[in-house]
Every structure is written in C-alpha cells, then in structure tokens.
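These notes are about the structure you will find just below.
The values are calculated or read from the model by the stated rules, or taken from the named source; none is laboratory data. All figures in this text were calculated on a predicted structure; none of them were measured in a lab. Don't worry about glycine lacking a Cβ; one is built from the backbone with ideal geometry, like all the others, and counts go over all protein chains shown.
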Amino acid sequence: MAEPMTVGRVVAVAQEARSGLAPWTRAELPVPPSPKGLGWLAVVGPGVIVLGASIGSGEFLLGPAVFVRHGLSLLWVTAVAVFLQTVFNTELMRYTIATGEPIYTGFMRTRPSSTGWGWFYATLHVLQMGWPAFAGNAALAIFFLIARRLAGPNDTDAAYLIGVGVFLLCVAILSVGRRIEHTLELLNWVLVGCILSAFLVLALMFGGAGHWVSGVAGLVGYDAPNAAFRFMPEGTDFFLLAALVAYSGAGGVGNITLSNWARDKGYGMGARVGYIASAVGGEKVRLAHNGFMFTPDADGRTRWKGWWRVVRADQWGVFFTGAILGMLLPAILYTSLLPSGTDLRGLGISAALASAIGERSGPILAGATNRF
C-alpha cells in the first residue's frame, strides 16, 4: 500500500486519500477476456441486471399512456434519456475497471469527508430503493391473478402477506449460488428475454407496418403519419412526459449500483478486489476495503482498451439496445390496438391492452397478456 510521503515536516497525502480513506495499492491490471460469437454472453452481465431492474412501469404504464395520447413522435424523449444513461453507466464502470472499487467509494474519496458522502448516498438509496414498493406492486398483481379482481380496502391483509412472501422469496433466491451478481445475472437474462420476446411476438401479431415505421421514426422525433418532425405535440401533458423521462431506462441510484455488479463480475481491477458471495453455496471471499491502481504503461493501456471493449458491449449492446426495445415494442403494440388520443390512467392501462387483444383474438390470449 502506498504510504504518505514526508517532505521536511509536511506530510504529502495521496490525492485519493484526502477524505480519510486509505490510498490505492499499486497493482497490474488483469488481462481482459477476448470473447468471440456467443462467448460474449458469458462476458457481459452487469448491463442485463440494470436492464432487468429498469423494465417496468415506464415501459408498460407511463410509455403507453404518453404514446397513445400524444403519438409515437415522443419516443425521442426515451431515446435521449436512455442514451444519456448509457454514457453515465460507462463512466461509472470506467472507475471500477481502473480501481476495482464501486463508484460509491469513489464519491467518498472526495471532500469534505468519506463519512459525509457515505451517509448522503445511503440516504438517497433508502429514499429511492429502500421502500417495499416493488414487493407491494407485485403483491397486487399476484392478488389479481388469484382472485381475478383488483384488491380493495378489505383485501389489505391478504395483499400485505403476499408482499411479505414475495420479499422473502427474493431474499431466499438471492441467497443461493456462487455469488449474488451471478444469480442476478441469470435471473435477469430469463426475465428480459421472456419480456422482450413476448412483446416482440405481440407487436408482430397486432402491429401494422405503419406503426412499426412510426415507432422507429419516433425515436428521432419524426411524426411519420404527418411527414413532419413533432418534438412536442400540441397539448402535451408535461407532468406525464416528465414521469416518462424519469422512468425511461433505470435512473438514480439504480444506475449507480451498476458499478457494484461490475466489481462483482470481476471487470478490470474488480478481479483483485473480490466479490460478495451468496449465503448458501458461495465460497468465502475476502473483499478488499480499498482498491488498486495500475501503471498506465504500454501494456497497461493495451489491457485497458480490452476492458473498455467489454464495457461498450455490455452497455451499448445489452443495456441501451434492450432499454430502447423495452419502450419501443410496447409503444407499437398499444398504439396499434387502442384509438389515438385515448386517455389511459392507472391500472386501467394494462387492462385496456388485454381487452383490446381479447376483442381480436379471444379471452385466452387476453388472459395470458393480463398475466404477463
């Protein structure tokens, strides 16, 4: 470990240690993988975890509400939001590759103090992710599938117990395996694959060629039916649009946590730091409290380029592409089945889609869509 340098009576502290954390240890950057073909599926991973967390209410509720009401030309808002998030994500991973530390530690290395920044980001994480909202939403959906009706005031206890059960089930699943990151990666490959495949099939079944053209053109703000750019259609609900921007992709601490998965995946110096093992089946691994730094010589720069190639594939190939498809495919499906200008709200958004599909293809596919 690098020690503070003493010059006369003045102690020179390493720049990364000025907030109170120990300085980086000098080490060699690990050799990056060189995958080919399907081998890339084993190399990427953090991107699909964040993508799995991002696909949800924005794509299935807010997006359809905006596009059915105002048109597909507003898809450019999603394209910009996801593009900026992808750039942000790659920069998060840049720090982790170089040091092996999650970006939270990087923030804590800045002034005024590591403790202050630690409390600050811990508070943000609790405010955004600490509430049991996801388990609660899942509980309401599961209740609907079982009871075939929406939960009412008298169903509070049942919904609460279902939510607790869902939460404990997730804890149990993530406790099994070699490491938590790997378990999350496998689960999200299945989740994302099933969701995008299902929407692709439905969009191909019910989406006309004109809606596909309008959807793709809408990513750059072009209104294909009117042959003109319409970046902000007349009468746009800006509160609804702002919500769409917020829910496009991941956002907030959901993105920042990506650097933790990059470390646990073993990207760059993360291979030297270690990872968080699962409680059941995981090997005991010593997780280093402080990171490393490599010498930027010719060999170090060559290895860095190899790791940066992996990051680009993970973020632009998996996260960016998946996030765009996750918003585009439902948009095409909804606008193909529902009348333009329809004001969709709340839980009625998904019910409206199932009803429209039922009118065309019968109750079986409608029921499957509702479950999905």
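Pairs, please: C-beta under 7 Å, at least 6 apart or cross-chain, first residue within 21 Å of ALA53 (Cα to Cα) and free of Cβ contacts under 8 Å to residues at least 24 places away in the same chain and in region 257-277, second among the aliphatic types (A, V, I, L, M) and surrounded by 21 or more Cβ atoms within 10 Å (Cβ to Cβ)?
none
For region 202-259, what are the residues that are surrounded by 15 or more Cβ atoms within 10 Å (Cβ to Cβ) and among the polar types (S, T, N, Q)?
Hits for region 202-259 are SER214, THR236, SER248, ASN255, THR257, SER259.
State whether the residues of region 296-303 include one that is within 26 Å of the chain's Cα centre (by Cα) and in contact (Cβ under 8 Å) with a residue 40 or more places away in the chain.
The answer is no, given that none of the residues of region 296-303 is within 26 Å of the chain's Cα centre (by Cα) and in contact (Cβ under 8 Å) with a residue 40 or more places away in the chain.
Is region 233-246 home to any residue that is among the β-branched types (Val, Ile, Thr), out of contact with any strand residue (DSSP E or B) (no Cβ under 7 Å at 6 or more places or on another chain) and in a loop (DSSP other than H, G, I, E, B)?
Checked region 233-246: at least one residue is among the β-branched types (Val, Ile, Thr), out of contact with any strand residue (DSSP E or B) (no Cβ under 7 Å at 6 or more places or on another chain) and in a loop (DSSP other than H, G, I, E, B).
Given (1) exposed (fewer than 15 other Cβ atoms within 10 Å of the Cβ); (2) farther than 22 Å from ALA288 by Cβ, identify the lone condition not met by THR110.
Evaluating THR110 over (1) exposed (fewer than 15 other Cβ atoms within 10 Å of the Cβ); (2) farther than 22 Å from ALA288 by Cβ leaves (2) as the failure.
Is it the case, given these coordinates, that TRP316 is outside any strand (DSSP E or B), modelled with pLDDT of 95 or more and over 22 Å from the mean Cα position of the chain (by Cα)?
It is false that TRP316 is outside any strand (DSSP E or B), modelled with pLDDT of 95 or more and over 22 Å from the mean Cα position of the chain (by Cα).
When the residues of region 143-164 are filtered to those that are small (Gly, Ala, Ser) and surrounded by 11 or more Cβ atoms within 10 Å (Cβ to Cβ), which remaining residue is modelled with the lowest pLDDT?
ALA151
All but one of (1) closer than 26 Å to PHE83 by Cα; (2) charged (D, E, K, R); (3) exposed (fewer than 15 other Cβ atoms within 10 Å of the Cβ); (4) modelled with pLDDT of 90 or more hold for ASP299, so report the exception by its number.
It is condition (1) that ASP299 fails.
Which of the residues that make up region 16-46 are part of a helix (DSSP H, G or I) and closer than 19 Å to MET93 by Cα?
GLU16, TRP40, LEU41, ALA42, VAL43, PRO46, listed by residue number.
Is it the case that some residue within region 289-309 is part of a helix (DSSP H, G or I) and within 30 Å of VAL171 (Cβ to Cβ)?
No, region 289-309 contains no residue that is part of a helix (DSSP H, G or I) and within 30 Å of VAL171 (Cβ to Cβ).
Which of the residues spanning region 75-132 are outside any helix (DSSP H, G or I) and in contact with an Asp or Glu (Cβ under 8 Å, 6 or more places away or on another chain)?
Scanning region 75-132 gives a single hit, ARG109.
Those residues that are of a type in the set (S, T, N, Q) and touching a residue at least 40 places away in the same chain (Cβ under 8 Å), I need them from region 114-131; list them, please.
SER114, THR115, GLN128
All but one of (1) more than 29 Å from LEU41 (Cβ to Cβ); (2) surrounded by 12 or more Cβ atoms within 10 Å (Cβ to Cβ); (3) hydrophobic (A, V, I, L, M, F, W, C); (4) within 21 Å of the chain's Cα centre (by Cα) hold for TRP131, so report the exception by its number.
Unmet condition: (2).
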